[in-house]
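Trainee: The structure under discussion is supplied below as structure tokens; questions concerning it will follow.
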Amino acid sequence: MIQIRITENGIRMDGHAGCRRNGQDLVCAAISALTCSLLHSIQDLAGDRIRAETGDGFTQIEWEKLSEAGKLLVDSWFLAVDDINHQYHCIQYVTLMRPEKGLFSLSKT
């Protein structure tokens, strides 16, 4: 199970999807690819500054302030990851932002 914590200033993911043995888990690979793309896109496309730490079964991304483009990228990442979760039921959301302000409040501030 992958645990995802989304706050106003970052994303933290811990764990593995557990759909197959390590190295062959396509669900983990898909989420990892989406997250790597998010890291590069926030920095290179949106021009936002982030701090990121990654390891086996662990990713933490932090920011002080995201541009509107950065917020949109995070929302897009969340939609894609949530689509995977609807199919494979491999994610536990630990914390999400206030839903009354949008998907999880980043693009609606």
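The values are calculated or read from the model by the stated rules, or taken from the named source; none is laboratory data. Given the structure is predicted, the values throughout are model-derived calculations rather than measurements. Methodologically, a virtual Cβ is constructed for each residue, glycine included, from the backbone with ideal geometry; neighbour enumeration extends over all protein chains shown.
Conditions tested, residue by residue: (1) under 18 Å from M1 (Cβ atoms); (2) of a type outside the set (V, I, T).
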position: G47; (1), (2): no, yes
position: S76; (1), (2): no, yes
position: V81; (1), (2): yes, no
position: H89; (1), (2): yes, yes
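Trainee: Picking from A46, A29, A17, which residue would you name as being at pLDDT 90 or above and of a type outside the set (V, I, T)?
Mentor: A46
Trainee: Being in a loop (DSSP other than H, G, I, E, B) and aliphatic (A, V, I, L, M): is that true of L66 here?
Mentor: Yes, satisfied.
Trainee: Looking at region 1-51, which of its residues are of a type in the set (G, A, S), within 17 Å of Y88 (Cα to Cα) and in a helix (DSSP H, G or I)?
Mentor: Of everything in region 1-51, those that are of a type in the set (G, A, S), within 17 Å of Y88 (Cα to Cα) and in a helix (DSSP H, G or I) turn out to be A29, A30, S32, A33.
Trainee: Inside region 43-65, can you point out the residues that are in contact with a Ser or Thr (Cβ under 9 Å, 6 or more places away or on another chain) and either crowded, with 18+ Cβ neighbours inside 10 Å or of a type outside the set (D, E, K, R) (or both)?
Mentor: A46, G47, D48, A52, T54, T59, Q60, I61
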